[in-house]
Amino acid sequence: MPKSKPQSKRPAGATAKSARSAASKLATPKTAMPSSSTPRKDDRLWGGRFEREPDAHFDQFQRSFSFDRRLLPYEIRVDRAWAKALEPIGVFTATEVRQTLAALDKISDRTKTDPAWIDSFGANAEDVHHFVEKALVEELGPLGWKLHTGRSRNELIATDFRLFIKDAAAEIQHGLKNLLNTLLMQAKAKLGVPMAGMTHMQHAQPILLSHFLLAHAEAFSRDLTRLQSAAASADACPMGSGALAGNSFGIDRNSIARELGFSKITANSLDAVSDRDFALDYLFALTGIATHLSRLAEDFVLFSSQEFSYVILPDEYSTGSSLMPQKKNPDSWELIRGKSGRITGALVALLTTLKGLPTSYQRDLQEDKEALFAAHDQVDDMILVATGALIGTTFRDDRLCCAASNPLLFATEGADYLVHKGVPFRQAHDLIGKILREAEKQGIAWTQLSLEDLKKISPSFESDFIGGISTETAIATKNVPGGTAPESVRAAITILQNRLDQLTTQSGAKP
Ligand code: ARG
């Protein structure tokens, strides 16, 4: 398509004012059948080929402004970039660009300072694109109708949504970093405290409380990486893809992408309007976080129970019972655990919507936003509550220590002792089992059996065994990288701290 300057369709003498009154006339709902002197029966972005108005109920059903209004700041940013890109290809004059940008700034300011205006002016808006065009026409007259030259809502919505997700991922990263810092701070503060490590919810081997806290931190630091990769998958600009086929005005796609802070443009126009992988990636990252939060929540619900009494939950993050005066319930953690289901639901909902869709834009894709917005908001809140609840939690070092001192937790250490004395592990395992039975018979802890009794079961026991096994030694021997020995845990803290410091979080606007 030649880059010649298209003829201006603006009627001579048309002013913003005259267009305003024209626009308000055009906006009059559901009057008689359109006459040939009325070129447009309302100000929708489509409609010329229709003889009759949409059914009122269907019309409500298909509108998206109630939720896609959240994309207004992004829509306006994209509009600004598009307006600038229309000048070099001769669609806009420099003056028209200036006027359009000024009007967009004004609209942007008004959306921020006067949210009630969004409700009133947007009452008849079909979607976020329609809202901004209506507002532009209100400001500029027919010039407002020029901005949509060569573009489609299909590429616009994909672009707005990608911009939203880039900011949203940055916001969640910020929250996660705070949560991680809290876990790290507690891991540092609690370095000397042992606890009973469990498998199958049965006491297994002693570990450091810090090791337990760092286990959660590791999971959340993987979530940070997943968020970064979700933001990277959103980081390509669809503008210039048109409805599906591309742009026939020779628009400079790369300069629009640069202007909007995208590092690249999408590669295929048809894919660009079909693709919601970036939304799936973001929802998967959120689902990972929610799942990890639900595990943290479950641990703290259990640990705050009377049976464990490992932690005292802060009043600020607990609630009481309307009937039982003594109750202090771990509702913050229970709600975090409960809400995680919705996040998984949002991921499954979008996967289900996308499954079997033909290539290209389909209106089904409008269903991508509500659940994602809600999932984002929920996860943001969940992280904030989890961080606050963690900060206020008191660990009962006495209870943790006491559980970690049960000699049954050192049984593996006993087997390891025999292995060091040359006994094959399977036999050692068996011998310790016999020793446990003998101690049970005598009604004492197995570590209190006399050397004589021990030697009866295995001559490999020597005097160095007596008093050689304790919570501390059981923990200290796990001195591999990633193990629970104090030196290993100290190293893990440093590694995690460095990783966290290196993670650059894009400072996004609040999505
Ligand atoms: N509201 C639509 C969405 O959220 C974008 C508009 C595209 N509509 C259309 N009929 N092509 O996906």
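The values are calculated or read from the model by the stated rules, or taken from the named source; none is laboratory data. All figures in this text were calculated on a predicted structure; none of them were measured in a lab. Virtual Cβ from ideal backbone geometry, glycine too; neighbours counted across all protein chains shown.
Pick from the stretch 42-79 the residues that are small (G, A, S) and outside any helix (DSSP H, G or I): which of them is surrounded by the fewest Cβ atoms within 10 Å (Cβ to Cβ)? Going through the qualifying residues, I end up with G48. Per the listing L179, L136, the residue uniquely in contact with a helix residue (DSSP H, G or I) (Cβ under 7 Å, 6 or more places away or on another chain), surrounded by 19 or more Cβ atoms within 10 Å (Cβ to Cβ), under 30 Å from D275 (Cβ atoms) and modelled with pLDDT of 95 or more is L136. Only one of (1) touching a residue at least 24 places away in the same chain (Cβ under 8 Å); (2) assigned to a helix (DSSP H, G or I); (3) more than 20 Å from the chain's Cα centre (by Cα) is not met by M185, so which one is it? Among (1) touching a residue at least 24 places away in the same chain (Cβ under 8 Å); (2) assigned to a helix (DSSP H, G or I); (3) more than 20 Å from the chain's Cα centre (by Cα), the lone unmet condition for M185 is (1). Taken over the stretch 322-370, the criterion of being among the β-branched types (V, I, T), more than 16 Å from the ligand (Cβ to nearest atom) and surrounded by 11 or more Cβ atoms within 10 Å (Cβ to Cβ) is satisfied by I336, I343, T344, V348. Among the residues in the stretch 264-286, are any part of a loop (DSSP other than H, G, I, E, B) and at positive phi? Within the stretch 264-286 (the criterion being part of a loop (DSSP other than H, G, I, E, B) and at positive phi), the answer is no, since none of the residues qualifies.
Does L191 count as in a loop (DSSP other than H, G, I, E, B) and more than 16 Å from the ligand (Cβ to nearest atom)?
yes
Selection within the stretch 350-367: residues that are out of contact with any helix residue (DSSP H, G or I) (no Cβ under 6 Å at 6 or more places or on another chain) and among the charged types (D, E, K, R). The member of this set that is farthest from F284 (Cα to Cα) is R363.
Condition (residue is more than 16 Å from the ligand (Cβ to nearest atom), within 30 Å of Q173 (Cα to Cα) and surrounded by fewer than 14 Cβ atoms within 10 Å (Cβ to Cβ)) applied to the stretch 410-424: is it met by at least one residue? No, every residue in the stretch 410-424 fails to be more than 16 Å from the ligand (Cβ to nearest atom), within 30 Å of Q173 (Cα to Cα) and surrounded by fewer than 14 Cβ atoms within 10 Å (Cβ to Cβ). Is it the case that L390 is surrounded by 16 or more Cβ atoms within 10 Å (Cβ to Cβ), within 16 Å of the ligand (Cβ to nearest atom) and assigned to a helix (DSSP H, G or I)? Answer is no for this residue.
Residue check: A371 meets all listed conditions (1) among the small types (G, A, S); (2) in a loop (DSSP other than H, G, I, E, B); (3) farther than 30 Å from L451 by Cβ but one, namely (2).
If the condition is being in contact with a Gly (Cβ under 6 Å, 6 or more places away or on another chain) and part of a helix (DSSP H, G or I), then the stretch 220-260 contributes D223, R226, R253. Note on the stretch 367-411: residues that are closer than 30 Å to I435 by Cβ and free of Cβ contacts under 8 Å to residues at least 24 places away in the same chain amount to 2.
Could you tell me whether L408 is touching a Phe, Trp or Tyr at 6+ places or on another chain (Cβ under 6 Å) and assigned to a helix (DSSP H, G or I)? In short, no. Looking at D252, D235, just one residue is under 24 Å from the mean Cα position of the chain (by Cα), away from the ligand (no atom under 16 Å from the Cβ) and in contact (Cβ under 8 Å) with a residue 40 or more places away in the chain, and that residue is D235. Residues of the stretch 443-500 that are touching a Phe, Trp or Tyr at 6+ places or on another chain (Cβ under 7 Å) and either of a type in the set (A, V, I, L, M, F, W, C) or surrounded by fewer than 15 Cβ atoms within 10 Å (Cβ to Cβ) (or both): L451, L454, K455, F465, I469, A474. Being of a type in the set (S, T, N, Q) and surrounded by 22 or more Cβ atoms within 10 Å (Cβ to Cβ), is that true of even one residue in the stretch 113-124? Within the stretch 113-124, not a single residue is of a type in the set (S, T, N, Q) and surrounded by 22 or more Cβ atoms within 10 Å (Cβ to Cβ).
If you check R69, R63, R98 for being farther than 21 Å from D43 by Cβ and modelled with pLDDT of 95 or more, only one passes: R98. Residues of the stretch 345-362 that are more than 15 Å from F373 (Cα to Cα) and either assigned to a helix (DSSP H, G or I) or of a type in the set (S, T, Y) (or both): L351, T352, T353, L354, T359, S360, Y361.
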